[in-house]
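The values are calculated or read from the model by the stated rules, or taken from the named source; none is laboratory data. No experiment lies behind these values; they were computed from the predicted model shown. Methodologically, a virtual Cβ is constructed for each residue, glycine included, from the backbone with ideal geometry; neighbour enumeration extends over all protein chains shown. Calculation scope for accessible area: heavy atoms of the full protein, side chains included, ligands and nucleic acids excluded. Shrake-Rupley method; radii C 1.70, N 1.55, O 1.52, S 1.80 Å.
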Amino acid sequence: MIAAVVLAAGASTRFGSPKQRVLLGPVLERLRESSVDEILVVLGAHDVEVDAPTIHCPGWERGPGVSLRCGLAALGPDVEAAVVVLGDGPDLDPRAVDRVIAAWRAMGTERLGATYGGVRLHPLLLARSAWEGIPDSGLRQVPAEQVDCDDLSPPGDVDSADDLPGRQPRLGAE
């Protein structure tokens, strides 16, 4: 069984309001179009209603690795691997999720990450054997087998309202 862990615990300070309310819907929709068997959303700063199972991570402020560990610990013993995605990546392509899962099934590597133009982003797949020792800062600096997704759109990263898909940046904003 493959589970998706959606990290959505942040405070959204640059966004100005809980961006999870705006962005989780599209992310969950795209995950449902993929081959994951179950989805778990990790919340922290804001308790928002979503149409997927959630878990509250009390230590979310210490870093994304803490939220990830909360999510992984809540998964059942039948979960072989977890696909990690960010709740603020509304352009997640379900084909990237499926490609990372297929690569894991073919290679059996512990950690695999989708790359776009040579840059590792999400989704990231963690085999159960890689769930231990996740640093509080997350897995950005931890090596992972690269899965080429250059032909797909990257998931995006919405930090402020100006970053929302289809929205034009404000004049003078950098």
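Surface composition of the range 92-131: carbon plus sulfur atoms contribute 54% of the solvent-accessible area (1.4 Å probe, protein chains only, all chains present).
Please compute the per residue accessible area over the range 70-126 with all protein chains in place, 1.4 Å probe, rounded to a whole number of Å².
Numbers: 2080 Å² over 57 residues.
Here the per-residue accessible area is 37 Å².
Among the GluC sites (Glu not before Pro) in the range 46-126, those placed in a DSSP loop whose Cβ has at most 10 other Cβ atoms within 10 Å are Glu49. In terms of its C-alpha gyration tensor, the range 66-124 comes out oblate, because a/c is 1.5 or above while a/b does not outweigh b/c. Within the range 16-107, the proportion of C-alpha pairs whose separation exceeds 19 Å stands at 42%.
As a rough guide to protection, the peptides 141-152, 116-127, 84-95 ranked by mean Cβ packing within 10 Å, highest first, stand as 84-95, 116-127, 141-152.
Indicate the gyration tensor shape class of the range 62-163 (rounded, prolate or oblate), computed on the Cα atoms with a ≥ b ≥ c the square roots of the eigenvalues: a/c under 1.5 is rounded; otherwise a/b larger than b/c is prolate and the rest oblate. Before the final figure, lay out the partial values.
Details: a/c = 1.70, a/b = 1.14, b/c = 1.49.
Since a/c reaches 1.5 but b/c is at least a/b, the shape of the range 62-163 is classed as oblate.
For the pair Ala127 and His56, a Förster radius of 30 Å applied to the C-beta separation gives a FRET efficiency near 0.70, rounded to the nearest 0.05.
Counting 0.36 nm for each residue step from Asp98 to Ser35 and taking away their Cα separation leaves a gain of 22.1 nm.
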